[in-house]
Each structure stands twice: as C-alpha cells, then as structure tokens.
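Inspection log for the structure reproduced underneath, given as structure tokens.
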Amino acid sequence: MNVSMLLDMAAEGFGERVVVGRAEDGLTASGLRALSAGAARLVRAAGADAILYLAVNGPAFPVALFAAARAGVPLVPVNYRLGGEQLDALLANHPRALGIAEPEQADALRRAGVPAVSPAEWLAAAAGSDTENTETIKSTEKAENTKNTEKAEHAEDTEDEPADPDSPAVLIYTSGTTSAPKGVVLRHHHLVSYVLGTVEFAGAGADEAALMSVPPYHIAAVSNVLTNLYAGRRVVTLEQFTPDGWLDLVRQQRITNAMVVPTMLARIMDTEGLDRSVPSLRALAYGGAKMPVRVIETALRAWPRVDFVNAYGLTETSSTIAVLGPEEHRAAVASDDLAVRARLGSVGRPVPSVELEVRDETGAVAAAGEPGQIWVRGEQVSGEYAGQGPSVDERGFFHTRDQGRLDADGYLHVEGRVDDTIIRGAENIAPAEIEDVLLRHPDVLDAVVVGVPDEEWGQRIEAVVVPRGGANVDTEELRESIRATLRGSRTPDRIACWPELPRTPTGKLVRRDIVAGLTADETAERQPTGGS
C-alpha cells in the first residue's frame, strides 16, 4: 500500500465527514481527496520532482502530503525558522521542486530557483484544476500565480497510478540541534506500516477531534495527519501556541484528543490565572523531548479524567516506537512502590510491531537495568538518510543514538542522546540524571546540564537553570543537593541562572547554543574591568 490509498479508504468510508479544520467550515474526507487529486495534476504539469512545504500548519499541508503521494514525488516539509544561510543550503538540494511558502519565506525559494505559491494560492489552484469540485474551498484569496492552474486544466486527465510502496513519500530534515540537518527518507511502506500497526480504521467517533500544535516539519505532524484521518477523527491545527490560546481552542472546537510537547504542557500547568477546564478532552499524548516528572504529575492531578499517553519515537522510525499508556500513568502516580512510580519517568514499552534492544559498549544486549544505547527494528523503521542509504546493521537494527535502559518489567527509560554524553576524564556522564535532580527543586522551572571544553578534564560539567516565578535560586545549595543525591564527580562545576533556555519549537534543547552561551559568559567574567 501507499499513503494515497489511506486517503482513498477514508474518502470511501467517511465521505462528507469533516476531517481537516474547524467543524463549521473544514474539509471533508471526499473534499480532501478531490483537492489532492487536483493538486497532483498541478505537480505533474509543472514537472516537479518534489513539493517543498515552507509554511505553517493548516489545510494546505494535508493536501500537499496526499498530492505528493498521488503525483509520485516526496513531500519535503522545511523548517521555516532556519537562518538564511542554512535554509539556502537545504533548498539547494531541491532545484526541481514546486514550493509552497508564506510570503515572508517565498524569497528563499526564489533564490533557489524554485517556483513558489502561497498556501491559499495552492488550495485555490487545486480546487480550480478539478472542475467538479471548485466549491470544495469556500473562502480563499484568488491565486496571483495562475500558471500552474492553466497547465493543470489542459493536462491530460489520466487516472492516478498508485505510487510504488518503496518510493519516498516524505523527506524530513532533522532538527540539527547537535549537527547539520540530515534528510530522513520515509518511504510509503514505512508510513503505512506505522498507521496499520497503531490505528484501527474508522475507530474514532464522528464527534472526535484532534488538536495538533507542532509545526509541519516535525514527524508528529505527518503521522497525526495519517493516523487521525485513518481513524476518522477531525484534525484542528494551532499555528502559534500560547497556553490560553490552546485551552480556548480545546473548548471552542470540543477537542477530544491532543498532542503536545513537554514545554507546552509545562506552560499550561505553570501559567497562573488560566481557566484549565477542558470538558471535552479525553486523551492527551506528549513526546518530542523529555517530560519532567513534576509536570506530568501536576497535569494528572489537574485533569484526572484525561487519558495521558507518552509516545516516544524518532523521525527515522516514522514516529512512535514505545508507549506509556493511560492506566500505567495512573498506576504510577498512585503507587507507593518506588519501582512503579519510576515508570512515570519512562517512555513505556515498545509497540508490538517494533523490536528494541539496549546494547552496551561491546555491542551485547545489556541486562535489565543496565544502561546502553537504543537500537530498533521493524517495518516502520527507515533509518535512511538522503544520499547515504539505510543506516542499519546486518540484522536490520537502527541505532537511534539515544541512551537508555530497560527495567525488569520491560519499561524503557531514555537518558538522552549519545552526543549529549559528557566525558569528564575517563568517565561518561549522562546529563539526564543530573537534570532530574535539578528539576525536582521547587525553585527550578527548567534546567539543562552540558559539557564545556576543559584543558584538564576534557570536559567539565556546567548547568543552567531557569528560576520559577522570580525565585532567588541559591546555586551552591543546588550543587550540594546534587552531591548528596548522586556523587561528587557528577556535581556541576558551575550553575548559571538564565531567564529561559534555547529550545526548538518542538521542545528540544539546543545544547550547542547553551555551551556557546556558557563559554561567552566565562570569557566575559575573565575580562579586565578597565580603569587606569
């Protein structure tokens, strides 16, 4: 199967049910199929070999995803927040693409020689290229660039040929928080395998609606379009997250399911004066970064009837590979057993279609409770980078480059990226265990631990904390609490207080910026104060 067949099934099964956008004026399943077919004709008429999507989330995104599938080319959602130089380098990889961009990003596409249309122009052209469905989009601005539309109207009206399941469906560039972004190739069979392995067709009621608050260049945006459509659940997007905006939209659109990253949930729970009532909300999934235990405990108390799900996955694995389910959340927070309570800091157990191993430094499978590096195998696992081919071992396992451990009951505890490991002398130190201690302090809202270059030790341990609500944090007290909980070799040499930490829109810490900031702070401290 390929991705476009999932849309065909939804259109046949749900017909005029709204599946994208607000209940009052959104796209139906049949309307989404008609627009995608029209847009695919535009892509073929333009002779494009990919669709570059450089815009915020909205109805243009699923139309682009399925149009690409019908046209037999990959969708490439691009991070519109990248700096000019990095964005130009990425776009240069796709000189024959068709671009969809907001006006402020269109210049970057033009510099790359890529034709650009706005999301509204894209939708209008897609509707106009299919004369039987020109009323699908009721309100869009008139397209200024009609070249592609005219081509599509005169193109030969042939039946779409299903894309080869082995052909690329999506190319997503990694966040580049530790190195230059790499293009992850997800083929049709990877994405379809993920959907079929995790979702029941038509499993959602007609009243169900999901809220997506992550940008389209994140794997969660792609996977949620596919899984919710297959289930029959309407998808609503929030372009710009704010805690009150998110809560208002949940209530207005009677959202039943939502997905957030940890920083979003933390802001919802920590912002004072909010009306946190969410009477329609039934399930909340979170992932993308480590969730502080304090935050999830607060959320469980605030919304006791909501089913919480921790979903752990990577772009290279087509999204989720391990899940901590609702009852496991409730059992953990209610238990007096420390081992059971510790599960709240885990990402749960592997999904049935995925095999997972934690391997030690020798490559052997680590014993229960022993730390190592996480490897996964399964039909949904790509592990392939553009221009490099699949990065899997001889047994088909992909190295996630995440560190972790499996406890005696099979729960996976992720302890950070391999690249985040601090090597102090001959000792490897995982920042996550130190960060956990810092985040338990009542005056600390956010925290990060990094390795800073050191002539004697190779790296020394430094931390940055964000005080909670203007609290006056005693950094020496924090160092002593770490020393008492862990041991001296894991105590940061220095703890700095910053007003906020640099994070991506999906909540991942940009550690290189933190190291650069700490190094700059230290250099400034060493500068002479002047005077004559």
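The values are calculated or read from the model by the stated rules, or taken from the named source; none is laboratory data. Worth saying up front: this structure is predicted, and the values here are computed from it rather than measured. As a convention, Cβ positions derive from the backbone with ideal geometry for all residues, glycine included, and neighbour counts pool all protein chains shown. Note: areas computed on protein heavy atoms with side chains; ligands, DNA, RNA excluded. Shrake-Rupley method; radii C 1.70, N 1.55, O 1.52, S 1.80 Å.
Residue by residue, here is whether (1) open to solvent by 20 Å² or more (accessible area, probe 1.4 Å); (2) at pLDDT 95 or above; (3) aliphatic (A, V, I, L, M) holds:
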{"residue": "Arg341", "(1), (2), (3)": "yes, no, no"}
{"residue": "Gly348", "(1), (2), (3)": "no, yes, no"}
{"residue": "Arg359", "(1), (2), (3)": "yes, yes, no"}
{"residue": "Ala368", "(1), (2), (3)": "yes, yes, yes"}
{"residue": "Gln373", "(1), (2), (3)": "yes, yes, no"}
{"residue": "Glu379", "(1), (2), (3)": "yes, yes, no"}
{"residue": "Phe397", "(1), (2), (3)": "no, yes, no"}
Item to check | Of the criteria (1) of a type in the set (Val, Ile, Thr); (2) over 18 Å from the mean Cα position of the chain (by Cα); (3) under 21 Å from Leu247 (Cβ atoms), which one Val199 fails | outcome: (3)
Item to check | Out of Ala202, Ala210, Ala206, sole residue that is of a type in the set (Gly, Ala, Ser), touching a strand residue (DSSP E or B) at 6+ places or on another chain (Cβ under 8 Å) and either crowded, with 22+ Cβ neighbours inside 10 Å or not in a helix (DSSP H, G or I) (or both) | outcome: Ala210
Next on the checklist: Please count how many residues of the stretch 356-390 are more than 18 Å from His413 (Cβ to Cβ) and outside any loop (DSSP other than H, G, I, E, B).
Outcome noted: 5
Next on the checklist: Checking Glu239 against (1) at pLDDT 90 or above; (2) more than 30 Å from Gly387 (Cβ to Cβ), only one condition comes out false. Which one?
Outcome noted: (1)
Item to check | Selected residue (only one of Arg330, Arg301, Arg267 is basic (Lys, Arg), closer than 19 Å to Tyr411 by Cβ and outside any loop (DSSP other than H, G, I, E, B)) | outcome: Arg330
Item to check | Residue ID - surrounded by the fewest Cβ atoms within 10 Å (Cβ to Cβ), chosen from residues in the stretch 314-327 that are touching a residue at least 60 places away in the same chain (Cβ under 8 Å) and assigned to a strand (DSSP E or B) | outcome: Leu314
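Residues being part of a loop (DSSP other than H, G, I, E, B), under 24 Å from Glu500 (Cα atoms) and open to solvent by less than 50 Å² (accessible area, probe 1.4 Å): count how many of those fall in the stretch 272-290. I'd like the intermediate steps shown before the answer.
Filtering the stretch 272-290 down to residues part of a loop (DSSP other than H, G, I, E, B) leaves 272-282, 287-290.
Now narrow it down to the ones that are under 24 Å from Glu500 (Cα atoms): 272-274, 276, 287-290.
So of that shortlist, the ones also open to solvent by less than 50 Å² (accessible area, probe 1.4 Å) come out as 274, 287-289.
Residues meeting the conditions: 4.
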Checklist entry - Is it fair to say Gly416 is farther than 19 Å from Tyr312 by Cα and open to solvent by 20 Å² or more (accessible area, probe 1.4 Å)? => result no
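Across the stretch 329-339, what is the total count of residues that are open to solvent by 30 Å² or more (accessible area, probe 1.4 Å) and either closer than 21 Å to Ala220 by Cβ or of a type in the set (Ser, Thr, Tyr) (or both)?
Looking only at that region, the number is 0.
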Next on the checklist: Whether any residue in the stretch 77-85 is over 19 Å from Thr315 (Cα atoms), in contact with a Pro (Cβ under 8 Å, 6 or more places away or on another chain) and in contact (Cβ under 8 Å) with a residue 12 or more places away in the chain is what I want to check.
Outcome noted: no
Checklist entry - Of the residues that make up the stretch 292-300, is at least one touching a residue at least 40 places away in the same chain (Cβ under 8 Å), touching a Pro at 6+ places or on another chain (Cβ under 9 Å) and among the acidic types (Asp, Glu)? => result no
